[in-house]
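Engineer: What follows is a single structure, and I will ask about it in a moment.
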Amino acid sequence: MTPRRPLRLVLLLALVLPTMPAAAIAQQVEPTDQARAEARSLADKGQALFDAGRHEEALAAFREAAALVHAVPLLRMIARSCERLGRLLEARSFYQRVVDEPLAADAPRVFRQDQADARVELAALAPRIPALEVVVRGAAPDAVVLTLDGERIGQGTPVERDPGSYTLVAVAPRRNPITKTIRLNEGTRELVTLDLPPPAAAPRPESASASPGNDIRTAVLLGGGVAAGSGMIAGVTFTLIANGTERAVRRQWEAVHAVRGGNVDCTNLTIGDPVTACQKLSSLVDDRDLFSNLALWSFVGGGVAALGTLGYWIASPSSVPEEQHVRVIPLVSPGGGGIAAGGVF
């Protein structure tokens, strides 16, 4: 590459010669003197920033200058700034613009030299741009969606990107997405192979039809179990209460009969009998009988619920009817006969 010439000298040729043919500067409207002066100031500022290694700021200054006056040296400095920032694809596009710039036959020699330098720089830049090629195995190519940082890319086709880290995602029907972080370095050609997992098993058709029946069966069994358990718990509770009341009845009975040596008949009271004690005894007897009956019927209800639930569990299918296969075979022999049943229940 030829040594760098002072940018100001080149810009003087580009910005001070108003009589240069339009083809030489490739613009339709002639810039004003004020625009030329501002472009020169921005170009000097950009060059100083570029030399100081402040390439982001230099790029902004060169862009502003190029917006005022179209000049090959400005385009080339934009390309060089992008290259220093690692934005190689953008740098290549600007180098290409400089190379493709139409120049008049009488264009200044420095313009032609800029084009020649840009052509050399473009050739040196091309192999530095990294590329990525992705191959997906386990699914048809048209069934896979590949994205690189959210931008869709083709399978088996190299794509160029600036150096850096990227997120690669592969999505296919009935497959779990694959996500992979890719690091692209200058001058590399990465080949990434992704192996998709096997497709998820499709739900069995009978599952949908079996679900409502299974839900009802579960609800009935659960409800029956709760009813049976509640009946048994209530029966035990009432039995304990009835037993306690029975003890109170015996104590009260002993208290009543102790009054007259066991000659008191609470069913046929006479003068001198303990009326209040007999009434209390009668109340305790009623309570005992009530809780005994409640205990009895609680056990009966719980037992009926338990038997009904057990019978339903035995009789109801645990799967759809299509999955049950029963075969009945008649058996005949000289000494007798019968049937044999077999299958899946």
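Engineer: Taking the condition open to solvent by 70 Å² or more (accessible area, probe 1.4 Å) and not basic (Lys, Arg), does Glu186 pass?
Structural biologist: yes
Engineer: Can I ask one more? Just to be sure before I move on: is Pro198 modelled with pLDDT of 90 or more and either open to solvent by 80 Å² or more (accessible area, probe 1.4 Å) or under 30 Å from Leu85 (Cα atoms) (or both) in the structure I sent?
Structural biologist: Against the criterion (modelled with pLDDT of 90 or more and either open to solvent by 80 Å² or more (accessible area, probe 1.4 Å) or under 30 Å from Leu85 (Cα atoms) (or both)), Pro198 does not qualify.
Engineer: Let me ask something else about it. Can you tell me which residue in the range 163-196 is farthest from Leu88 (Cα to Cα), limited to those that are basic (Lys, Arg) and touching a Pro at 6+ places or on another chain (Cβ under 8 Å)?
Structural biologist: Only one residue fits best here, namely Arg174.
Engineer: Please verify whether the range 135-142 includes one or more residues that are under 24 Å from Gly86 (Cβ atoms) and without any contact (Cβ under 8 Å) to a residue 60 or more places away in the chain.
Structural biologist: The answer is no; no qualifying residue exists.
Engineer: Out of all the residues in the range 117-134, which are open to solvent by 50 Å² or more (accessible area, probe 1.4 Å) and of a type in the set (A, V, I, L, M, F, W, C)?
Structural biologist: Val120, Ala123, Ala124
Engineer: If Gly164 satisfies every condition in (1) open to solvent by less than 50 Å² (accessible area, probe 1.4 Å); (2) within 30 Å of Pro199 (Cα to Cα) but one, which is the exception?
Structural biologist: Of the numbered conditions (1) open to solvent by less than 50 Å² (accessible area, probe 1.4 Å); (2) within 30 Å of Pro199 (Cα to Cα), the odd one out for Gly164 is (2).
Engineer: Being assigned to a helix (DSSP H, G or I), buried (at least 18 other Cβ atoms within 10 Å of the Cβ) and hydrophobic (A, V, I, L, M, F, W, C) is the filter here, so list the residues in the range 100-116 that pass it.
Structural biologist: Of everything in the range 100-116, just one residue is assigned to a helix (DSSP H, G or I), buried (at least 18 other Cβ atoms within 10 Å of the Cβ) and hydrophobic (A, V, I, L, M, F, W, C), namely Phe111.
Engineer: Moving on. Please indicate, with yes or no, whether at least one residue in the range 61-68 is within 20 Å of Asp162 (Cβ to Cβ) and open to solvent by less than 10 Å² (accessible area, probe 1.4 Å).
Structural biologist: Yes, there is a match, as at least one residue in the range 61-68 is within 20 Å of Asp162 (Cβ to Cβ) and open to solvent by less than 10 Å² (accessible area, probe 1.4 Å).
Engineer: When you go through (1) modelled with pLDDT under 95; (2) open to solvent by 10 Å² or more (accessible area, probe 1.4 Å); (3) of a type in the set (Gly, Ala, Ser) one by one for Ala48, which number turns out not to apply?
Structural biologist: (1)
Engineer: From the residues in the range 221-242 that are farther than 16 Å from Val300 by Cα and surrounded by 14 or more Cβ atoms within 10 Å (Cβ to Cβ), which one is modelled with the lowest pLDDT?
Structural biologist: Leu221
Engineer: Another one. Of the residues Arg36, Arg80, Arg84, Arg92, which is open to solvent by less than 30 Å² (accessible area, probe 1.4 Å), among the charged types (D, E, K, R) and modelled with pLDDT of 95 or more?
Structural biologist: Arg80
Matching residues to (1) assigned to a helix (DSSP H, G or I); (2) in contact with a helix residue (DSSP H, G or I) (Cβ under 8 Å, 6 or more places away or on another chain); (3) touching a residue at least 60 places away in the same chain (Cβ under 8 Å); (4) more than 23 Å from Pro31 (Cβ to Cβ):
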position	(1), (2), (3), (4)
Glu57	yes, yes, no, yes
Ala61	yes, yes, no, no
His70	no, yes, no, no
Ile78	yes, yes, no, no
Tyr95	yes, yes, no, yes
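Engineer: On to the next question. Residue by residue through the range 119-162, note down the ones that are closer than 28 Å to Tyr95 by Cβ, touching a helix residue (DSSP H, G or I) at 6+ places or on another chain (Cβ under 6 Å) and not basic (Lys, Arg).
Structural biologist: Within the range 119-162, Glu121, Leu122, Leu125, Ile129, Asp162 qualify.
Engineer: Continuing with this model, one more query. Among the residues of the range 145-154, are any over 26 Å from Asn185 (Cβ atoms), modelled with pLDDT of 90 or more and of a type in the set (Val, Ile, Thr)?
Structural biologist: Checked against the condition, which is being over 26 Å from Asn185 (Cβ atoms), modelled with pLDDT of 90 or more and of a type in the set (Val, Ile, Thr), the range 145-154 yields at least one hit.
The values are calculated or read from the model by the stated rules, or taken from the named source; none is laboratory data. Please read these numbers as outputs of a predicted model, since none were measured by experiment. Glycine gets a Cβ as well: all are built from the backbone with ideal geometry, and neighbour counts include every protein chain shown. Please note that ligands, DNA and RNA were not included when accessible areas were found on the heavy atoms of the full protein model with its side chains. Shrake-Rupley method; radii C 1.70, N 1.55, O 1.52, S 1.80 Å.
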